[in-house]
Structure formats: structure tokens, C-alpha cells
Amino acid sequence: MKKKLVILSGAGISAESGIKTFRDSDGLWEGHDVMEVASPEGWHKNTELVLDFYNKRRQQLKDVKPNRAHEILAELEADFDVHVITQNVDDLHERAGSTKVLHLHGELLKARSTKNENYVLDWTDDLNLGHFDDNENQLRPHIVWFGEAVPALEKAVAITLQADYLVVIGTSLQVYPAAGLIDFAKPEAKLFYIDLNPAKISNLKNPVKIISETASKGMEILKGILTQK
């Protein structure tokens, strides 16, 4: 039976593909205050602005490609039972070939009803006012905004609890509840943390091997560690 390799990925892995994160520039995300475009309050205040913002992000996604870090994660499925738990809303993990991807914060290429969170559609084009569910309720981006619950969290915890290897890659470990997943690693699990500027991790029962590199370089190093015979 293959060992279970669980990945907790953040914005740092997508940044190498050219996708910006709001944490790059004082809380601004592509020039917008993050609360204007990633909160229920922002949605109610200026729905058209929010829709336009995510339409542009969706278009941007068509112009970028998975990088070497994404590809290595997919390649590791040959030797491990790989589960990716990502804070990212892009589809780069899937496009690189990863088959088990859980999106904690939603997916850019999906839309959902404003009245029924279980009404979710694949959505690759612009999402505008007047796009409705079956009951004529406005559709919204399928994104978990600040102040909203994280529906996938329970499943993410269950996956993390089973990890033989837990790899944190490209995240500041500052966004909760996602950052708290690392605390659920079982005592015998081996932990790795890949980030150019790794955050300080304290109060963990497991030792952590820190690889201070970009996502791609760090994954090359990690692949060598994990697959050495």
C-alpha cells in the first residue's frame, strides 16, 4: 500500500505561474482592498465590482500554466497516495495532473447560488448580473470569502490525520482555519515546509524539515528525499 502524502499548498506555488496574491502588497489584491472583493460586505456593497474582479481573474487563469512544482506533485502519485489540500482557487494542480485536490477556499472556475450553497456549477466564462440558478437567484463566485465558513475543513482535517508525510508549500501559515491543519498531523508523520521566506512554526509535536527555496526548487529537493531508495 502506498504511503499517504498530504500537501497543504498556498499562494506561493501559484505565484511562480504568474498568479498574484493579495498578501504581496499590503493587503491589496490586484489593486483592490481585499475586503472589497473577498467579503460578503463587499459583495452587497458593489456586486458588479466583485463580479468584474473575478471575471478578470478567470480570464487571467487562461493565460497561465502549471509550473514545475505542480508537475512534481502529480508525478509523485506514481509512488505515493497524494492528496492536495489547497488554499488556492485556481485549477493549476488539476491541470498538472493531480487527481485528488481539495479546495479549501473555493474554485474560480465554478459559480454557486446566492441562496443555496449546494447549487454549484462549472463556470469558465464571465459571470454577470442576471446569471441565475433554477429559482432565479443570482449566481456568485464559488469562493469562500473572509467571514464565511470553510465547508471543506472537516474533510481536510480527516485527510491530514492520515498523512504519513505532510508537506506545507508556499503559504505564510497566517490564514486560519487553514493554517491550523498542520496541528492535526499524527505524531509519527514526517513534516516538510517549503517556502522562500518560511514563517516561524512553534508548539508542534513533530519536527519540521524546512526547505527555504521556491516552490519548484523545493519540490525538486523534496522529490529526491522522498523517492531515494
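Mean residue ellipticity, 222 nm, helices only, the chain: the sum of -39500 (n - 2.57) across DSSP H runs of n ≥ 4, divided by residue count and rounded to 500, is -7500 deg cm²/dmol.
Packing around the peptides 151-163, 120-132, taken as the average count of other Cβ atoms within 10 Å per residue, puts them in this order, highest first: 151-163, 120-132.
Look at the alpha carbon pairs under 8 Å that are at least 6 residues apart: their mean separation over the length of the range 53-116 gives a relative contact order of 33 percent. Over the chain, what relative contact order in percent results from Cα pairs under 8 Å that are six or more residues apart? About 23 percent, as a whole number.
Summing +1 for each Lys or Arg and -1 for each Asp or Glu among the other residues whose beta-carbon sits under 9 angstrom from that of Arg68 gives -2. Placing His44, His83 in order of accessible area, with the largest value first and a 1.4 Å probe, yields His44, His83. Length, then width, then depth: along the principal axes, the Cα atoms of the range 45-88 run 48, 21, 10 Å.
Each DSSP beta bridge with both residues in the chain is either parallel or antiparallel, and the antiparallel ones are about 30%. Surface composition of the chain: carbon plus sulfur atoms hold 49% of the accessible area, using a 1.4 angstrom probe and ignoring ligands, DNA and RNA. Evaluated over the Cα positions of the range 23-108, the convex hull gives a direction-averaged projected area, one quarter of its surface, of 6.2 nm². In the range 120-224, taking the dipole from charged Cβ atoms about the Cα centre, the farthest positive-side position among Asn206, Val167, Ile182 is held by Asn206. Extension gain for the segment Thr99 to Ala78, taken as residue separation times 0.36 nm less the Cα-Cα distance, is 6.4 nm to one decimal.
Summed over the residues of the range 43-139 and divided among them, the accessible surface reaches 49 Å² per residue at a probe radius of 1.4 Å. With a cut-off of 17 Å, note down the residues of the range 133-154 whose backbone N falls inside the zone around a label point 7 Å from the Cα of Asn116 toward its beta carbon. The answer is 133-142. Give Lys110/Lys186; Lys20/Lys217; Lys2/Lys62; Lys20/Lys190; Lys62/Lys186; Lys62/Lys209 a once-over and call out the pairs whose C-alpha atoms are over 28 Å from each other. The answer is Lys110/Lys186; Lys2/Lys62; Lys20/Lys190; Lys62/Lys186; Lys62/Lys209. Diagonalising the gyration tensor over the Cα atoms of the chain and scaling each eigenvalue by 5 before taking the square root yields semi-axes of 31, 18, 17 Å, largest first.
Around the Cα centre of the range 1-82, unit charges on the Cβ atoms of Lys, Arg, Asp and Glu (plus for the first two, minus for the last two) sum to a dipole of about 240 debye. Computed from the Cα positions only, the extents of the range 79-190 along the three principal axes stand at 52, 30, 23 Å, in decreasing order. For the pair Lys3 and Lys217 in one chain, pulling the backbone fully straight at 0.36 nm per residue adds 74.8 nm over the alpha carbon distance. Were the residues from Asn137 through Glu154 laid out at 0.36 nm apart, the gain over their Cα-Cα distance would be 3.3 nm. Can you give the charge dipole size of the range 1-156 about its Cα centre, rounded to the nearest 20 debye, using +1 on the beta carbon of Lys and Arg and -1 on the beta carbon of Asp and Glu? Its charge dipole is roughly 420 debye.
The values are calculated or read from the model by the stated rules, or taken from the named source; none is laboratory data. Computed from a prediction, not measured in an experiment: that's the story for all the values here. When we count neighbours, we look across all protein chains shown, and the Cβ atoms used for this are built from the backbone with ideal geometry, even at glycine. Areas reflect the complete protein model, heavy atoms only, side chains present, ligands, DNA and RNA absent. Shrake-Rupley method; radii C 1.70, N 1.55, O 1.52, S 1.80 Å.
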